[in-house]
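Colleague: Before we start, here is the structure in question, set down as structure tokens.
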Amino acid sequence: MIRSTGKLIWTLACGLLATLAVVAACGGDEADTGAGTATQTASPAAGATYQFDCDGDHPGTTPDTQAFPVEVTDDTGVTVTLEEPPAAIAALSAGHTEMLYAMAAGEQLIAADNFSDCPAAAAELEHLDSFEPSVEAIIALAPDLVIMTYDPGDVRRSLEDASIPVFFVNSPESVEGVYDQILLLGEVTGHVAESEALVTEMSDAIEVIEASLDGAGQGPSVFHEVDTSYYSAGPGSFVADLYDILRVENIATATGEPFPLLNEEAIIDGAPDVIILADEAAGESAETVKARAGWDSIPAVQGDRIYAVDPHIVSRPGPRLVEAIRTLAKLLYPDEFP
Amino acid sequence: VNFLRRAAQVEFTGGASSSMTTPLRSPFRLCHLFGVVVLVAVGLLALAVGTASVPLEATVRIVLSHLPFIELDNDLPEAWRDIIWTNRLPRVLVAGLAGATLALAGATYQGVFRNPLADPYLIGVATGANLAVTIVVVSGSSLSTHSVSLVPFVAFTGAVASVAVVYGVARVGNTVSVATLILAGVALSALSTAITSYLMIKNTSNSLTIFSTVLGGFNATRWIDLAWVLPYAVPAAVVILAHGRILNVLSLDEEQAQYLGVNVERTKLLLLGAASLAAAAAVSVSGTIGFVGLIVPHAVRLAWGPDNRQLLLMTIILGAAFLIGADLLARYVDRPSEIPVGIITAICGVPFFLYLLRRSGGAVHL
């Protein structure tokens, strides 16, 4: 009697909590990166080949003072008012640093986060820790605008208390989200025309790549490996959007999560045609994947289609997404992109 | 039926303790048979069910085809054979072995430390393992050679080093103070955790790898992981099981044990050493999976009484069954994603444990 009651309660508790876990895992990933919409008007110029070159020179242009004062609403719903173009910006994510340089606003930057390694000019900036941002270090640089994507605690409030305006934007979760954010940052920095031109160039280049896929038929299936415990990229992540644009079947889609920890059986059973490794830095390579016990039946292993990519290009939402899509297109469709 | 009430009624009076130290005809009881039935049932279920839908009949044929003297015409898809034989079966076995080892280590620590809060991580096994793995990841060294993961080796080294430091601090001559051991263990764990956290926030690009190793689980388990654990787990289990009666005495009073002719210091070192090595081996392949070493021994005590002569074996059996079951939920509930198994052991284990505590009427014994 007692024993069966115990079992019943245990079963119920497990069932209930398991259901909660599933609900929690399935819901809540609908966040949109929000304000503004990309303007895609002109048809792509033939052979549009936009590329953001890390080694290249990215000279600034004079911000458009006519547009100021400007009121822009950030991703947290806060409306930030700027009386004049910011001239001392601290950007706390590498993607935003690249966006600003790409829209010729790089000269308005004084500081970037520790991961901002592109373009070369970013090396000259002050570098800040964006994971545990030091309020003092930021205030000491006296920026007139801080662009943040992550606040571990009260960093934003502390900066605002010190009268430093903060523009908070989430890390974009799609290519459209990157376009929206480029346009938004164009308004904030006084580079509306340049940001619109940038988005047009980027989307034209991607349309050219997409057009090449029209005759390709069904694309390959792909497993994107983030690390050796098999974290991957699923719906709602920037990386998965790249695969969607390339019309391939991402085997992590079924998880419904942006960063799922994928079950190994699901990888073997999912039989991906291509494996993309973003964990080369951890020592993984085509050789180590081929040597994994139990992976012999996977078509990517049999067909020798395992490729390492630079995670800084493929998973950093910014102007280099064009290069990311081009790189992945060549790996996924060798016939269409010789 | 009334085993819970009986457990609650067993008091640590002189009478009870003498009955717990007199020779027992056989350590095997009906409860062990029950435990084995549960373990086998959970194990078979865990082998039959998974993310990939491999038919039961195929699963049976794949497993049988690897047994000696059985020749089966194996025309099944290679993917199915890999999933069952290379992934799922070793995963079930390693989860069972880790669960058994952690639960046994927990029971041993609780007895020797005479502390119901003792778990296998009390004196630094897990935090030492985590720190070692973090240092290697952060240093940029490769964590695999010839596609064999070196994480277990690194973690084991860190765990053993950490326990050795704690022992070194607590040892005075030939005696080891239990209170000093616990304090030194907690202190060193705090230090290791602080360094691990620091290295993680300073190396955010590696934090996912560190995080998933620390959190633990059995997603990429291989047959070789059994080889990491078995050489420590089996001798440790033999040593600890052979000391069930002495553990009964130790958990009452060290002085009384001395009177009964037990070399208390040597026995304590032997038992703690065996339990620590076994726990280190388990942590090295499973990561830090909480609650197994705490809940399973106490659940067994509440259900069948605190006599270590039967408790230790029962703890091994149910520890294995519990972690195999938790791992099954971890990979099945949210498939094809994984839920870290430590979260499952907590959300399924703790409510059940609280229920047992409630049923016991507040009488918890070692």
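Colleague: All but one of (1) in a helix (DSSP H, G or I); (2) more than 24 Å from B:Ala326 (Cβ to Cβ); (3) open to solvent by less than 40 Å² (accessible area, probe 1.4 Å) hold for B:Glu57; which doesn't?
Modeller: Only one criterion in (1) in a helix (DSSP H, G or I); (2) more than 24 Å from B:Ala326 (Cβ to Cβ); (3) open to solvent by less than 40 Å² (accessible area, probe 1.4 Å) is unmet by B:Glu57, namely (3).
Colleague: Among B:Ile317, B:Ile295, B:Ile347, B:Ile324, which is open to solvent by 20 Å² or more (accessible area, probe 1.4 Å) and part of a helix (DSSP H, G or I)?
Modeller: Unique residue meeting the criteria: B:Ile347.
Colleague: For residues that are surrounded by fewer than 20 Cβ atoms within 10 Å (Cβ to Cβ) and touching a helix residue (DSSP H, G or I) at 6+ places or on another chain (Cβ under 8 Å), tally how many sit in segment A:75-106.
Modeller: The total comes to 4.
Colleague: Do we have B:Leu312 as in contact with a Gly (Cβ under 7 Å, 6 or more places away or on another chain) and either touching a residue at least 12 places away in the same chain (Cβ under 8 Å) or not in a helix (DSSP H, G or I) (or both) here?
Modeller: Spelling it out, B:Leu312 is indeed in contact with a Gly (Cβ under 7 Å, 6 or more places away or on another chain) and either touching a residue at least 12 places away in the same chain (Cβ under 8 Å) or not in a helix (DSSP H, G or I) (or both).
Colleague: Can you tell me which residue among B:Ser276, B:Ser337 is without any contact (Cβ under 8 Å) to a residue 12 or more places away in the chain and crowded, with 20+ Cβ neighbours inside 10 Å?
Modeller: One residue alone meets the criteria, B:Ser337.
Colleague: Whether any residue in segment A:233-245 is without any contact (Cβ under 8 Å) to a residue 60 or more places away in the chain and within 12 Å of chain B (Cβ to nearest Cβ) is what I want to check.
Modeller: The answer is yes; a qualifying residue exists.
Colleague: Looking only at residues in segment B:212-235 that are within 9 Å of chain A (Cβ to nearest Cβ) and closer than 14 Å to B:Val137 by Cα, which one is least open to solvent (accessible area, probe 1.4 Å)?
Modeller: Filtering segment B:212-235 for residues that are within 9 Å of chain A (Cβ to nearest Cβ) and closer than 14 Å to B:Val137 by Cα, the one least open to solvent (accessible area, probe 1.4 Å) comes out as B:Ser212.
Colleague: Restricting to segment A:323-338, name every residue that is more than 19 Å from A:Ile275 (Cβ to Cβ) and under 12 Å from the mean Cα position of the chain (by Cα).
Modeller: Within segment A:323-338, none qualify.
Colleague: For segment B:336-355, name all the residues that are more than 7 Å from chain A (Cβ to nearest Cβ) and more than 21 Å from B:Ala100 (Cβ to Cβ).
Modeller: B:Leu354
Colleague: Let me ask you something else. Name every residue in segment A:272-314 that is more than 8 Å from chain B (Cβ to nearest Cβ), open to solvent by 50 Å² or more (accessible area, probe 1.4 Å) and in contact with a Ser or Thr (Cβ under 6 Å, 6 or more places away or on another chain), in order of residue number.
Modeller: A:Asp273
Colleague: Right, here's the next one. Within segment B:196-209, identify whether any single residue is surrounded by 17 or more Cβ atoms within 10 Å (Cβ to Cβ) and more than 14 Å from chain A (Cβ to nearest Cβ), and answer yes or no.
Modeller: Yes, segment B:196-209 contains a residue that is surrounded by 17 or more Cβ atoms within 10 Å (Cβ to Cβ) and more than 14 Å from chain A (Cβ to nearest Cβ).
Colleague: Are any residues in segment A:107-117 within 21 Å of the chain's Cα centre (by Cα) and surrounded by fewer than 24 Cβ atoms within 10 Å (Cβ to Cβ), and if so, which ones?
Modeller: A:Ala111, A:Asn114, A:Phe115, A:Asp117 - these are the residues of segment A:107-117 that are within 21 Å of the chain's Cα centre (by Cα) and surrounded by fewer than 24 Cβ atoms within 10 Å (Cβ to Cβ).
Colleague: Keeping to segment A:230-271, report how many residues are over 21 Å from the mean Cα position of the chain (by Cα) and either small (Gly, Ala, Ser) or open to solvent by 30 Å² or more (accessible area, probe 1.4 Å) (or both).
Modeller: Within segment A:230-271, residues that are over 21 Å from the mean Cα position of the chain (by Cα) and either small (Gly, Ala, Ser) or open to solvent by 30 Å² or more (accessible area, probe 1.4 Å) (or both) number 4.
Colleague: I'd like to verify a number: residues in segment A:129-144 that are surrounded by fewer than 22 Cβ atoms within 10 Å (Cβ to Cβ) and either within 25 Å of A:Asp64 (Cβ to Cβ) or of a type outside the set (S, T, N, Q) (or both), how many? Let's see the steps before the verdict.
Modeller: Initial filter on segment A:129-144 (surrounded by fewer than 22 Cβ atoms within 10 Å (Cβ to Cβ)): A:129, A:131-132, A:134-137, A:139-142, A:144.
Remaining after also requiring either within 25 Å of A:Asp64 (Cβ to Cβ) or of a type outside the set (S, T, N, Q) (or both): A:129, A:131-132, A:135-137, A:139-142, A:144.
Number satisfying all stated conditions: 11.
Colleague: Run down B:Arg81, B:Arg91 and say which single residue is basic (Lys, Arg), open to solvent by 10 Å² or more (accessible area, probe 1.4 Å) and within 14 Å of chain A (Cβ to nearest Cβ).
Modeller: From the options B:Arg81, B:Arg91, the qualifying one is B:Arg81.
Colleague: Output the number of residues of segment B:165-195 satisfying the condition of being touching a Ser or Thr at 6+ places or on another chain (Cβ under 8 Å), open to solvent by 60 Å² or more (accessible area, probe 1.4 Å) and not hydrophobic (A, V, I, L, M, F, W, C).
Modeller: Looking only at that region, the number is 1.
Colleague: Take segment A:212-229 and flag every residue that is over 18 Å from the mean Cα position of the chain (by Cα) and modelled with pLDDT of 90 or more.
Modeller: Those that are over 18 Å from the mean Cα position of the chain (by Cα) and modelled with pLDDT of 90 or more: A:Pro220, A:Ser221, A:Val222.
Colleague: Restricting to segment A:165-195, name every residue that is open to solvent by less than 10 Å² (accessible area, probe 1.4 Å), farther than 23 Å from A:Ser315 by Cβ and part of a loop (DSSP other than H, G, I, E, B).
Modeller: A:Gly190, A:His191
Colleague: Checking the condition more than 10 Å from chain A (Cβ to nearest Cβ) and either free of Cβ contacts under 8 Å to residues at least 12 places away in the same chain or under 30 Å from A:Phe115 (Cβ atoms) (or both), which residue from B:Val163, B:Val151, B:Val136, B:Val169 passes?
Modeller: B:Val136
The values are calculated or read from the model by the stated rules, or taken from the named source; none is laboratory data. Just so we're clear, the structure is a prediction, and the values are computed from it rather than from any experiment. Positions of Cβ are backbone-derived with ideal geometry, glycine not excepted, and every protein chain shown enters the neighbour counts. SASA here: full protein model, heavy atoms, side chains in, ligands and nucleic acids out. Shrake-Rupley method; radii C 1.70, N 1.55, O 1.52, S 1.80 Å.
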